[in-house]
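Quick notes on the structure that follows.
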Amino acid sequence: MKFATMMKPLSFLLFFVASYTAIASEQIVFQAMGDSLERSMKMLTGQDSTAPYFISYTLHQDEQIQMNSMLGGIRSESQVASNTLEVQVRVGSYELDNTNFLVNRRSNNFPLTTPDVPLEFDYEILRHHLWLLTDSAYKNAVEIYGEKTTALDNNSVDYEVADFSRQEPVTFRDNRRHGKLDRDAIAKRVNDISSVLSDYPEILNSNTAITVDIHQDYYLDSEGTSFTRVDDIAELTVVISTQAENGAPLLDTVSDVVRRSDQFQDVETFKDEVRSVAETIAAMRSANELENYNGPVLFVEGAAIELAAHFLGSAFIAQKDAIRKLSNNQIRVASIPNNPFQTKIGARVLPREFTVYNDSLLESYNGVPLHGTIPIDAEGVLATRTNLIERGILRGLLTSRQPVEGIDQSTGNRLAGRGPVPTNLIIETNRGFSNEEMLEEFQLLVSDRGLEYGILAKRAVRGVGVIGSQPKSMMINEVYKVYPDGTQELMQQGRVSQFVLSNFKDIIAASERVNVKTHMGRYAVGSPPSTATNIMSVATPDLLFEEITLTPAQTVRAKPPILPSPMEEG
Amino acid sequence: MLLCSALSVQALSDSEILEAMNTELERSVETLTQQENPLHYLSYEIFETERKALASSFGQSQFASTNRISTLDVELRVGDPEFDNTALLPNTRQNSDPRTVSAPISLETPKALRQTLWAATDAAYKANSQVFENLKNSANLNSRDSTTDPDFSVSTPQEAVERDLKLKWNESKWQKILNEMSRVFRDRPSEIYTGGTSLTGSRTNSFFVNSEGSSIKQSHLMYTISLQVTGQNKQGESMSRSAQFSSHTLDRLPNKKELLASAQQIKQELLSLLEAPLVEPYTGPAILSGRASGVFFHEILGHRLEGHRLRLQSDAQTFKEMVNQEVLPATFNVYFDPTIDRLGDIDLMGAYRFDNEGIKSRRVTAIENGVLKGFLMSRAPLEEFPHSNGHGRKQPGFKPVSRQSNLIVDVSDRVPLSDLKELLLQEAREQGKDFGLLFDDIQGGFTFTNRGMPNAFNVQPTIVYKIYLDGTEELVRGVDLIGTPLTAFSRIVAASEETDVFNGWCGAESGSVPVSAVSPAILVKQIEVQKKASNEGRLPILPAPLSVEDFQL
């Protein structure tokens, strides 16, 4: 009893000390940023060359553990703690500034970063680094701005959309708690999961990777916005690969992506999912090869989610055309972000039963937690819900503070990389079919086309969502032929090819069942495009299309192993 | 937010790992020697590496990391030792990929270990068998010269198991020392832009087995303390000074007092360099300090003694036909000795017991009394040097080739450094020069040995003094030491009694490997310097935000 009584004040004291330290650190960071900002805006305005109209500072505080395991044993692991300072300096005006301009394919060093920042916050040292980084960013901005204005003066280009949107100042402190980095618990989990594959000698190679990242941002800008943001991510991925009897490579991935490691699904449940995929892929070794196919395809579960995330998700990313200066001093508009949806606002892009929105504030859907949730984006814009498609009509797009034609304000979706990305993407239908009705509808389409079978796609691999009007492809990891009598035949893996956004208009039916999944979204954004990775959740029904083209996933046929694997030998 | 949890060590014992490797090796050899293109040699080398790093900037902890990784390299040869998949045929496209079949591997369960060995062997056999098939076709078209050196030298099996070394340090104690050191750089905010210190430690356990019956486990430790300061002079030129100390054990690093003195020294050197005048291109006499001379010999001599280069038609092969000829003054001896791990107070980083081809390391006399005696050999033979002398080295993931180890320049006739300076001035007077140069410290260098470009070297000094005829010394900046090898050797006239050590990393075809160079200071009758590549930028527009008084020192 005495023991318990003594512990209470101590626990309180520890909590108090920890909280006080965090607050003190935060004060030091914002004090240093604020003083630097004030001095830079004031003194650089007095310079002869162009004055900055906007400066922002972000301090990224990061602590991470990564591990890779195979068959119950760690192959590599790393732990790192570091802080990175990021500075944006914009000169000119909101309408025309130093951004959105490339010389050939060279990036214009925007924003600038330095990893030299101490782990423990120190006012003087932060001021020192902010000074040097602001100075470099400012000189770089002036140089780019001069080159850009000269190029625009000497070439005839319409430049009507502003470079940066105005934003009301916001003060926000993220009080969500951080996850924990427990090295031994992480190692135990990853080894426990990877050991499941020891029971499958047919699986020739596997890797189980785990990353637990504790991340905090401190942000301040010259418009008066100030925020802190908790941006932890915990990702568990199992990659399973083998070879079919005909030599075709077979591969699948099982993942669990959450914010904190205590949110990972129960280990046994996840292991069951890994077993299920391992069994399917093992069975696929002797499965028949998929022929080239054109006809009805029913996307269910993971395949529906990947289709929605990467094909539809990328179509909502709105980006301004970049201006590129060529080596002969001429300029041209870069075609990379040419998103066909940007010219289709108000037009039908999905059947009228569909509503699509991105809601960064939504924490769960149909009782399933959504982990793409954020309170504020990286540019200090408060998160919100954005209606994208209403009754099949395109109503909006996701933007950052880089306006696009027709949308001059940010939707608060700039998270990683250089462009906006979806957070929680929700696809709803007001006419959901039961599973039986979906299959019936599917069989009807197959029969109408006089086909021997239809295709059911169940799992798809994660890919990078590419923005643009060009036809896209996507690997289907688990695919079945469905015959008129309802028999399903597992096939070797296939690939959706020649998929264009207008295919979405031809969705024939959607299920009442909703698939919800959080994963790492990967989109090629910016110009030149770079892959932005962010945690995002997707909720979508199963989707039935009338006409989709599928091809075998791989044309490579490697020789089978010369020796049996040691696991096969037992 | 500092990390402090320890990484676990391998779960399998050394004998379990070696046994699993041998089991899989035997299984593969049995089958793959029976194929149409038979395997004639197979080796597995597993590197289990643990690295830790602490860093400090201006008196504050800046960075902390630990990582551990195990990787497997498979060396698999198809054909026979005379002619295999590594053959270099004239007039044919050659397999120039320096990388080997490599894969991450777990040393915690036998299943994972053997599965990875099997998969990597299968990939290596298929790739090399295809290469060998192409080479056979080419060899039929281009009759192989009967004088062509064989592709591989066979060797006797070796067995050794070294005890595990532990990578261990008191993190808070070392972080405090690093912080104290980097705090030294804090009092000149207008001149010193970055001022950092770091401690890195790495432990590598390597496990090697081959089809000749070798079975070797080695354990290496390396600790390095680095200090670096950067700034910008009034012309906008970025300048830096750094110092590094490496050792095999933590207790052999310099003590705190010495480290603080080193921090003060590089700070003062940077501040002096910021004010130092530029030196114009010059030819004339110069002294290369022991460290500078070590790098000089590494670049201009060492790389040209690496045996595998002498097999390449593309290489200039400077010394191939000069065996038993005089190439240096008769007082000079140069040898490579990976068996020495310490010289005086300084640990040598180029030490090892077995090379990456399972050959026991040994001392190689390259120059004796100025006469060329031999080359550094891997298992790629030369006609007159048919066997390896234990210098087949590589970074994990690469194919081994002959590389340097501990290069030691030993001169029989030496003078004190003060006398060497007198000789420098005498030489300058005779050549009608106003000064001679002293290259006191260097950051590294590089050389070209191919025929397709000038066979030149470049040694990059960081601290250079003009020594005027009256003996006064002036720090100068902005030059590199350049030249060609045979001419440079012919101008060496004297060496000092004092020797010094340069520990560093050498990068070449087989990746980056640790090396050392030990040399006295040398006087060279005539050297040439050229201006360094410009790195001028613009000075900060705003002055530093805080004055010295604002900083908590």
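The values are calculated or read from the model by the stated rules, or taken from the named source; none is laboratory data. Small disclaimer: the values here were computed from a predicted structure and weren't measured. Here the Cβ positions follow ideal geometry from the backbone for every residue, glycine too, while neighbour counts run over all protein chains shown. Ligands, DNA and RNA are excluded from the accessible area calculation, which covers all protein heavy atoms including side chains. Shrake-Rupley method; radii C 1.70, N 1.55, O 1.52, S 1.80 Å.
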- Message: Being over 20 Å from the mean Cα position of the chain (by Cα), touching a residue at least 60 places away in the same chain (Cβ under 8 Å) and open to solvent by less than 60 Å² (accessible area, probe 1.4 Å) is the filter here; which residues of region B:242-261 pass it?
- Response: B:Leu250, B:Leu259, B:Leu260
- Test B:Ser153 against the criterion of being in a loop (DSSP other than H, G, I, E, B) and either more than 14 Å from every other protein chain (Cβ to nearest Cβ) or modelled with pLDDT of 95 or more (or both), and give yes or no. yes
- Query: Does B:Glu498 fit the bill of being out of contact with any Lys or Arg (no Cβ under 8 Å at 6 or more places or on another chain) and either open to solvent by 30 Å² or more (accessible area, probe 1.4 Å) or part of a strand (DSSP E or B) (or both)?
  - Reply: yes
- Query: Which residue, of A:Ala278, A:Ala283, is open to solvent by less than 10 Å² (accessible area, probe 1.4 Å), in contact with a strand residue (DSSP E or B) (Cβ under 8 Å, 6 or more places away or on another chain) and farther than 30 Å from A:Leu394 by Cβ?
  - Reply: A:Ala278
- Message: Looking only at residues that are charged (D, E, K, R) and at the interface with chain B (Cβ under 7 Å from one of its Cβ atoms) in region A:34-77, which one is nearest to B:Ala119 (Cα to Cα)?
- Response: A:Arg75
- Item | Pick from region A:128-148, criterion of a type in the set (S, T, N, Q) and open to solvent by 30 Å² or more (accessible area, probe 1.4 Å), ranking: farthest from the other protein chains (Cβ to nearest Cβ) | A:Asn140
- Message: Looking only at strands (runs of 3 or more DSSP E) that lie completely in region A:269-377, which have at least 3 residues being at pLDDT 95 or above?
- Response: A:293-299, A:354-359
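I want to confirm something. Restricting to region B:35-82 and keeping residues that are in a loop (DSSP other than H, G, I, E, B) and more than 10 Å from chain A (Cβ to nearest Cβ), which single residue is nearest to B:Arg379 (Cα to Cα)?
Selected residue: B:Pro81.
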- Check A:Val479 against each of (1) over 27 Å from A:Ala416 (Cβ atoms); (2) out of contact with any strand residue (DSSP E or B) (no Cβ under 7 Å at 6 or more places or on another chain) and name the one condition it does not meet. (2)
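Please pick out the residue among A:Asp158, A:Asp184, A:Asp174, A:Asp153 that is touching a residue at least 24 places away in the same chain (Cβ under 8 Å) and not small (Gly, Ala, Ser).
Only one candidate qualifies: A:Asp174.
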- Task: Taking the options A:Leu550, A:Leu490, A:Leu563, name whichever one is within 14 Å of chain B (Cβ to nearest Cβ) and modelled with pLDDT of 90 or more.
- Result: A:Leu563
- Would you pick out the residues in region A:440-458 that are open to solvent by 10 Å² or more (accessible area, probe 1.4 Å) and more than 32 Å from the chain's Cα centre (by Cα)? A:Glu440, A:Glu441, A:Gln443, A:Leu444, A:Leu445, A:Ser447, A:Asp448, A:Arg449, A:Gly450, A:Leu451, A:Glu452, A:Tyr453
- Residues satisfying the stated conditions in region A:188-198, i.e. touching a residue at least 60 places away in the same chain (Cβ under 8 Å) and open to solvent by 10 Å² or more (accessible area, probe 1.4 Å): A:Arg189, A:Asn191, A:Asp192, A:Ser195, A:Ser198
- Go through (1) surrounded by fewer than 22 Cβ atoms within 10 Å (Cβ to Cβ); (2) in contact with a Phe, Trp or Tyr (Cβ under 6 Å, 6 or more places away or on another chain) one by one and return the number of the condition B:Arg51 breaks. (2)
- Note on the structure: Filtering region B:21-34 down to residues that are within 9 Å of chain A (Cβ to nearest Cβ) and buried (at least 21 other Cβ atoms within 10 Å of the Cβ) yields B:Glu24, B:Ser28, B:Leu32
- Task: Kindly check whether there is at least one residue in region A:306-316 that is touching a residue at least 40 places away in the same chain (Cβ under 8 Å), open to solvent by 20 Å² or more (accessible area, probe 1.4 Å) and of a type in the set (D, E, K, R).
- Result: no
- Message: Restricting to region B:181-214, give me the number of residues that are open to solvent by less than 20 Å² (accessible area, probe 1.4 Å) and within 30 Å of B:Glu45 (Cα to Cα).
- Response: 10
- Note on the structure: Counting only residues that are without any contact (Cβ under 8 Å) to a residue 12 or more places away in the chain and of a type in the set (Ser, Thr, Tyr), region B:16-53 contains a total of 2
- Message: Among the residues of region A:207-220, are any of a type outside the set (Ser, Thr, Tyr), buried (at least 19 other Cβ atoms within 10 Å of the Cβ) and not in a strand (DSSP E or B)?
- Response: no
- Going through (1) open to solvent by 60 Å² or more (accessible area, probe 1.4 Å); (2) modelled with pLDDT of 90 or more; (3) not aromatic (Phe, Trp, Tyr) one by one, B:Ala521 fails only at (1)
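Listed here are the residues, each with its yes/no results for (1) of a type in the set (Phe, Trp, Tyr); (2) within 30 Å of A:Val258 (Cβ to Cβ); (3) in a loop (DSSP other than H, G, I, E, B).
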| residue | (1), (2), (3) |
| --- | --- |
| A:Ser410 | no, yes, yes |
| A:Ala416 | no, yes, yes |
| A:Ile427 | no, yes, no |
| A:Met438 | no, yes, no |
| A:Gln443 | no, no, no |
| A:Ser447 | no, no, no |
| A:Lys458 | no, yes, no |
| A:Gln470 | no, no, yes |
| A:Lys481 | no, no, no |
- Just give me the residues in region B:13-22 being in contact with a helix residue (DSSP H, G or I) (Cβ under 7 Å, 6 or more places away or on another chain) and either part of a loop (DSSP other than H, G, I, E, B) or not aliphatic (A, V, I, L, M) (or both), in sequence order. B:Glu16
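I need a count of the residues in region B:169-201 that are in a strand (DSSP E or B) and of a type in the set (S, T, N, Q).
So the answer is 4.
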- Across region B:101-140, the tally of residues that are at the interface with another protein chain (Cβ under 9 Å from one of its Cβ atoms), charged (D, E, K, R) and assigned to a helix (DSSP H, G or I) stands at 4
- Message: Checking the condition open to solvent by 30 Å² or more (accessible area, probe 1.4 Å), within 11 Å of chain B (Cβ to nearest Cβ) and of a type in the set (A, V, I, L, M), which residue from A:Val117, A:Val157, A:Val80, A:Val161 passes?
- Response: A:Val80
- Pick from region A:384-426, criterion hydrophobic (A, V, I, L, M, F, W, C) and open to solvent by 10 Å² or more (accessible area, probe 1.4 Å), ranking: farthest from A:Asp321 (Cα to Cα): A:Ile393
